[in-house]
1. What do you get for trypsin sites (Lys or Arg not before Pro) in the stretch 1-33 restricted to DSSP loop and a cutoff of at most 10 other Cβ within 10 Å of the site's Cβ?
2. Only four residue types carry charge here, +1 at the Cβ of Lys and Arg and -1 at the Cβ of Asp and Glu. Report the dipole size of the chain about the Cα centre in Debye, rounded to the nearest 20.
3. From the backbone phi of the stretch 141-152, what are the Karplus-calculated ³J(HN,Hα) couplings (6.51 cos²θ - 1.76 cosθ + 1.60, θ = phi - 60°) in whole Hz, Gly and Pro given as x?
4. How about the stretch 263-313: which trypsin sites (Lys or Arg not before Pro) there lie in a loop by DSSP and see at most 11 other Cβ atoms within 10 Å?
5. Under 22 Å Cα to Cα from Lys226, which lysines show up? Leave out anything in the same chain fewer than 8 places away.
6. Averaging sequence separations of C-alpha pairs under 8 Å and six or more residues apart, then dividing by the length of the chain, give the relative contact order as a whole percent.
7. Residue farthest toward the positive end of the dipole of the stretch 118-210, with Cβ of Lys/Arg at +1 and Asp/Glu at -1: which of Ser174, Ile130, Val155?
8. Run the dipole for the stretch 135-282 about the Cα centre, Lys and Arg Cβ at +1, Asp and Glu Cβ at -1, nothing else charged, and hand back the magnitude in debye, nearest 20.
Amino acid sequence: MGAEEAGKHLVPAHPERAHLVSSQIRALWKSDRCAFYGCRDCGYGFARPYTAGNGEIYSTLYYESFSYPEDKWEHRFALELIEGLQLDETATLLEAGAGNGFFLDMISSTVLTPEQIYSTELSDPGAKEIRRKGYHCLHKSVPELPAENLPRFDVICMFQVLEHMDDLDPVFQSLSLLGNPSSHLIIAVPNGYLRTFYDRVGVHLDLPPVHVGRFSRKTFEVLGKKHGWEIEGVYTEPQSYAFKLKKFLSDRYVRVPLTRRTDRSSSKLAKYFFRYSCLLILALRFLPVLFFLLLPGTGSSMMVHYRKKNLPE
């Protein structure tokens, strides 16, 4: 994939931003091309150049008027897991890559106080909003955090963040240092099983330098064993077939260049004729996807729940 194409895919509804994003990507890659590869041993997928997006790119993508999705399965499910841990009144939690703090709001209204909650966020608008809500927020990457004056955390959460990170060993080394001896680590990522299938039919949703990694259960088993984390459970987002189908077709529809023009048409007949004709063509074009989504384990996200284990001296 080229930098120009990546920019257009990352902001399909805002073509005026695509050129700026593309130029930032090109500067980061020091190249105009990038490709995705996979490890045969652990199932990890990775971009080459293996270079994660920086603060400049995320501030362009997640600008002041950007709306973070709020009702997310991984937030609700993680909250259930954390409520079941029966944390004491001294417990602390860290969310890395906290967006605009929506999950922090859920936790602070049910489990912990804002003073017990810490976070990181690389986008300037997101960090500003989190601080406005009264939470601790650092404009730091995870490998930089052990140098800060932080507590050892009882719970560490990362929702749709790990796929944005390159060089995972320093990330997991830092997570081990940040957690206490019985810490819980909850990580949600895009479903690698689903994304790998999409690649086979020409639909590329893991777009470097925003998504530079892709995960499977085997990947998490290898990472956990290497860095002292034991898997408590691996879960896939439960979604109805109708929801998965609608989500896929809607995502493809907004990437058809003519849709922005026809959706603004004053003629309802022309608008709806084009819309449903386009959706029908997309359904026929991606017929294998329609059958694949009937299979179990094809929800959008997967989550792993780790528990810290003591490594032998």
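1. Lys30
2. 1660
3. 7, 4, x, 7, 5, x, 6, 7, 7, 10, x, 7
4. On the way: sites: Arg264, Lys268, Lys271, Arg275, Arg285, Arg307, Lys308, Lys309; in loops: Arg264, Lys309.
Counting only loop positions with at most 11 other Cβ atoms within 10 Å, the trypsin sites (Lys or Arg not before Pro) in the stretch 263-313 are Arg264.
5. By straight Cα distance, Lys226 reaches Lys218, Lys308, Lys309.
6. Relative CO of the chain lands at 19 percent.
7. The residue sitting farthest along the positive end of the dipole is Ile130.
8. Around 1260 debye, computed over the stretch 135-282.
Since every read-out is calculated from the coordinates, none of them should be taken as a lab result. Not measured: the values here are computed from a predicted model. Every residue, glycine among them, receives a Cβ derived from its backbone with ideal geometry; neighbour counts consider all protein chains shown.
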